[in-house]
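Everything on this sheet refers to the single structure shown next.
Please treat every number below as a calculation from the coordinates, not as lab data. Not measured: the values here are computed from a predicted model. Positions of Cβ are backbone-derived with ideal geometry, glycine not excepted, and every protein chain shown enters the neighbour counts.
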């Protein structure tokens with residue numbers, strides 16, 4: 001594309017803002033089209049009174065040095081390194097996550113410990129090849145007993161489907177280079193800590209969403225159109241020519257970078273693609289989240305970054321305490337909790353009203369003695385749409401066909417978790433945005 005061509009970015013979440021940020025750095029003309037009243041997508045920081053919280057348990061990990069350095073430069077002294085571990089709540093005890101063998105053996109009876117050791121000794125003699133699904137990956141890394149206790153139930157609760165139907169990629173980097181042997185090695189060499197067992201990450205002083213606020217400020221809000229829901233993407237079979245908004249206004253476009261959910265984009269195309277592609281798009285689903293916010297009249301609940309709940313009977317998957325990321329997220333003598341409850345449209349959680357969900361959350365957590373009911377001084381519930389793309393096995397070919405169709409238009413590129421239908425972390429999205437802009441230049 002030429003330097004004079006304007007880049008129209010559809011979606012003002014992490015992917016769209018990252019593309020806009022790098023595009024602006026390269027001197028390109030940028031226009032971001034966001035359907036809501038806010039930028040940041042599912043990586044926003046919301047403030048209510050003296051409390052700040054993120055729309056997800058986001059942390060910035062130093063996985064790609066160039067990206068880390070970029071964010072450090074962008075945020076300046078507002079980005080700090082935090083050391084806060086994560087835990088699994090199991091039978092009234094806190095177990096290290098990622099799994100730490102010392103922590104596990106303190107929480108299980110001898111028969112289960114021996115079974116875990118036997119299964120993993122047996123695994124040592126098995127070929128460790130490619131795994132067809134997440135269940136196979138978990139069993140190969142930890143054995144069946146340990147996986148069923150802590151990984152499989154949690155995974156099925158989070159994604160809303162059986163672990164043997166989910167792609168291995170749902171684990172992100174969490175199980176990469178990690179097995180029972182790394183945690184036993186950590187136990188033997190008590191001073192050794194693998195990078196998977198450390199609770200170190202970067203976090204902005206005033207919430208994770210401020211990373212994307214800074215990007216938006218750099219891009220310039222005059223280049224960001226809020227309340228601009230796109231309903232049609234008009235093409236001539238070769239190029240995208242025009243985008244039409246819900247209010248019937250439209251914009252001519254020269255180059256389009258699309259971050260919207262792939263299931264939505266397919267239905268927006270004008271003319272529509274083949275019936276076959278439309279049917280394939282219908283098979284792709286997302287998992288949504290209820291975020292329950294509790295403000296508490298106590299200085300803290302724990303010192304952990306996140307606490308996970310693997311048991312199936314408990315609809316809560318994870319809680320996090322914003323104050324453990326930055327003390328500026330709550331008053332000194334008070335704290336807050338963000339509780340995540342995954343749901344699918346039409347299920348039992350979706351059919352509950354806000355008060356019922358809040359009461360259920362308070363009852364569940366007070367029974368686990370994390371705080372007392374009298375400690376709660378406020379509550380609010382938020383819906384997070386399309387929080388996780390459900391990555392089922394056997395969909396790779398259909399996904400490739402959808403992506404190939406959308407990228408067959410010469411002036412149309414795709415980036416982001418919801419359009420690529422991948423479980424991408426922030427650092428990876430930012431890296432991909434930089435590469436995309438570099439490729440456009442070349």
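Please list the radius of gyration and Dmax for the chain, considering alpha-carbon atoms only, with Å as the unit.
22.7, 69
In square nanometres, what is one fourth of the surface area of the convex hull spanned by the alpha carbons of segment 1-155?
Numbers: hull surface 60.3 nm².
One quarter of the hull surface, i.e. the mean projection, equals 15.1 nm².
Arranged by the count of other C-beta atoms within 10 angstrom, fewest first, what order do 52, 165, 400 take?
Numbers: 52 23, 165 16, 400 10.
Ascending number of Cβ neighbours within 10 Å: 400, 165, 52.
Figure the gain on full extension for residue 275 and residue 298 (residue separation times 0.36 nm, minus the Cα-Cα span) and round it to one decimal in nm.
Numbers: separation 23, 0.36 × 23 = 8.28 nm, distance 5.67 nm.
Computed gain between residue 275 and residue 298 is 2.6 nm.
Only Cα pairs within less than 10 Å get springs; with that Gaussian network setup on the chain, which residue of 48, 170, 113 has the largest fluctuation?
Ranking 48, 170, 113 by mean-square fluctuation puts 48 first.
Just to confirm the number: angle between the C-alpha axis of helix 210-219 and the first principal axis of the chain, 0 to 90 degrees, nearest 10?
10 degrees
As a check on your grasp of the helix formula, calculate [θ] at 222 nm for the chain: sum -39500 (n - 2.57) over DSSP H runs of n ≥ 4, divide by the residue count, round to the nearest 500. Walk me through the numbers before you get to the answer.
Numbers: 16 runs with 145 residues, N = 442.
Theoretical 222 nm ellipticity from helices: -9500 deg cm²/dmol.
Taking the Cβ of each residue in 54, 333, 347 as the centre, tally the other Cβ atoms inside 10 Å and list the residues starting with the fewest.
On the way: 54 25, 333 9, 347 13.
Ranked by crowding around the Cβ, least crowded first: 333, 347, 54.
Antiparallel versus total DSSP beta bridges in the chain: what percent is that, nearest 5? Don't jump to the answer; show the numbers that get you there.
Details: 49 of 67 bridges.
Antiparallel bridges make up about 75 percent of those DSSP assigns within the chain.
Using Cα-Cα distances under 8 Å and only pairs 6 or more residues apart, what relative contact order does the chain have, in percent?
Details: 827 pairs, mean separation 109.7, N = 442.
Computed value for the chain: 25 percent relative contact order.
Between residue 26 and residue 410, what is the spin-label point distance in nm, taking each point 7 Å from the Cα along the Cα→C-beta axis?
Result: 1.9 nm between the two label points.
Counting other beta carbons within 10 Å of each Cβ, put 7, 415 in order, fewest first. Walk me through the numbers before you get to the answer.
Values: 7 26, 415 22.
Ordered from fewest to most neighbouring Cβ atoms within 10 Å, 7, 415 come out as 415, 7.
Who wins for biggest fluctuation among 383, 348, 217 in a Gaussian network model of the chain, springs between alpha carbons below 10 Å?
Maximum fluctuation in the GNM of the chain, among the listed residues, is at 348.
With springs only between Cα atoms under 10 Å apart, run a GNM on the chain and tell me which of 394, 11, 56 wobbles the most.
Its mean-square fluctuation being the largest, the pick is 394.
Hey, what angle do you get for helix 396-406 against the long axis of the chain, alpha-carbon based, 0 to 90 degrees rounded to 10?
The two axes meet at around 30 degrees.
Label segment 286-389 by shape, choosing from rounded, prolate and oblate, from the square roots a ≥ b ≥ c of the eigenvalues of the Cα gyration tensor; if a/c is under 1.5 it is rounded, and otherwise prolate applies when a/b is larger than b/c, oblate when it is not. Please report the intermediate quantities before stating the final value.
Numbers: a/c = 1.81, a/b = 1.56, b/c = 1.16.
Because a/c hits 1.5 or more and a/b exceeds b/c, segment 286-389 counts as prolate.
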